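Comments concern the structure below.
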Amino acid sequence: MTSLPGSLGWPVTGDKTLEFARNPAEFIQRNIKTCNSRVFQVRALNKPHVLVASNQGVKEILEDKDGVLDMGYKDFGYMYSLYGDLVIFNSDDEAIRLRNILHNVFRPEEVTRYMGDVEVVSSRLLNSIEDNGIVIPYKLFKKLTTEVCLRLFLGLEMETAKKEAESVAELTITHWHGLISVPVTFNVYGYKSGYSKAMVAKNNLLTIVSRRLSEEKNGFINVMRKSEFKSMTEMANHILLFVSALVPKALASLMTSFCIELAKPENEVIIDGYKVPAGHYVGILTRAANCDPKIFPEAENNQLDRDRVWTFGSGPRMCIGHKFIHKIIKLLAKHLLQSYEWELVPGQDLTYKWLPVSRPKNDVQVVFTKIAL
């Protein structure tokens, strides 16, 4: 067993949150090199953290065979305030209860019905690509996934309820901006902090969710209504999570690209051979773990073992909707491969930016050519 490399520094002055936020990929690689380890400690959000970028370490955390790692998101009060009581903030029996409810929401027969909504939206938008036209894929797929989420989770169709759908989309953006805002509430001469605006957006979204729960009699909303949540508030909070985290994709992108989970051991634990002190928060760096050269010597050439890729978690911490996501990806890939050929417009800057979502820094352009049938 080895002591953790890296440094926690002093409170406040030693905090590395901003460094991480500016360029997570570069921050992680620099610390791996400096510490000569894919497991290291830093101070983030002014709390002691152990960041785990080793594939084996992530595997041990996700499986948590001894049940010693509790979810730590709830300790970051601003996140709890923004989303309310959810499965991601709970551990033990309460987490099991909520996961069982959500597993029923995504039963195979329900997913088959949900795919009908996905097919309607994706066919309409992908068929609208002009032959030999220049497309900005990020904007196209942002529009596609936004419309899919609004139709699926709220029963709102952009074609028939455009004004309301656009209003909801704007509210979700304001809401998740609270995740990357200083968690301070103030209103000076009509100027509100980003966090204050996010809390207002949250309340407006919950009002919309509650109304849709009373109006919509079909689809996902109806399945949620029939589920065994303890209260309408608990149900509405989880619909808010689906809508506000997935429409703008900020939370999804951040969690699946870099740190999908924060765990907090009450006692000292061993992760990939390193001693992690009690009270340290543990962050899983999935993007780095999925490129661990010890497991994937040719990771950069996309030579990956799917059984050791942790983007959707594993074991008791497996993403509840991962099979649904796989179906969506296959549907979109099939449509594109059967209908189009494409190539990048040459000479473009393909640099990435990482926050609030990981995406190309500039509008990357692609020419799509329809395949003659």
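The values are calculated or read from the model by the stated rules, or taken from the named source; none is laboratory data. Please read these numbers as outputs of a predicted model, since none were measured by experiment. Note that each Cβ is placed from the backbone with ideal geometry, even for glycine, and that neighbours are counted across all protein chains shown. For accessibility, only protein heavy atoms count, side chains too; no ligands or nucleic acids. Shrake-Rupley method; radii C 1.70, N 1.55, O 1.52, S 1.80 Å.
Quick look at the values:
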{"item": "Local net charge near VAL120, Cβ-Cβ under 11 Å (Lys/Arg +1, Asp/Glu -1)", "result": "-3"}
{"item": "Largest-first ordering by accessible area, 1.4 Å probe, given options SER358, SER193", "result": "SER358, SER193"}
{"item": "4 °C / 1.567 mPa s Stokes-Einstein diffusion coefficient of the stretch 1-142, Kirkwood radius on C-alpha pairs, µm²/s", "result": "66 µm²/s"}
{"item": "Dipole-positive endmost among THR145, VAL209, GLY321 within the chain (Cβ charges, Cα centre)", "result": "VAL209"}
{"item": "CYS35 - accessible surface, heavy atoms, 1.4 Å probe, Å² rounded to 10", "result": "30 Å²"}
{"item": "Burial ranking of peptide ranges 125-138, 273-286 (average Cβ count within 10 Å, highest at the top)", "result": "273-286, 125-138"}
{"item": "Long-range HN-HN contacts of TYR340 with modeled amide H, under 5 Å", "result": "ILE371"}
{"item": "Signed unit charges on C-beta, dipole axis of the chain, positive-most listed residue ILE295, ASN90, VAL345", "result": "VAL345"}
{"item": "Cα gyration tensor category, rounded, prolate or oblate, for the stretch 16-370 with a/c compared to 1.5", "result": "rounded"}
{"item": "Amide proton proximity set for TYR274, modelled H, under 5 Å, gap of 5+", "result": "THR2"}
{"item": "Kyte-Doolittle at least 0.0, axis length at least 15 Å by Cα - qualifying DSSP helices, the chain", "result": "137-154, 232-246, 322-339"}
{"item": "Net length gained if the chain between LYS163 and TYR352 were fully extended (0.36 nm per residue, minus Cα distance)", "result": "64.8 nm"}
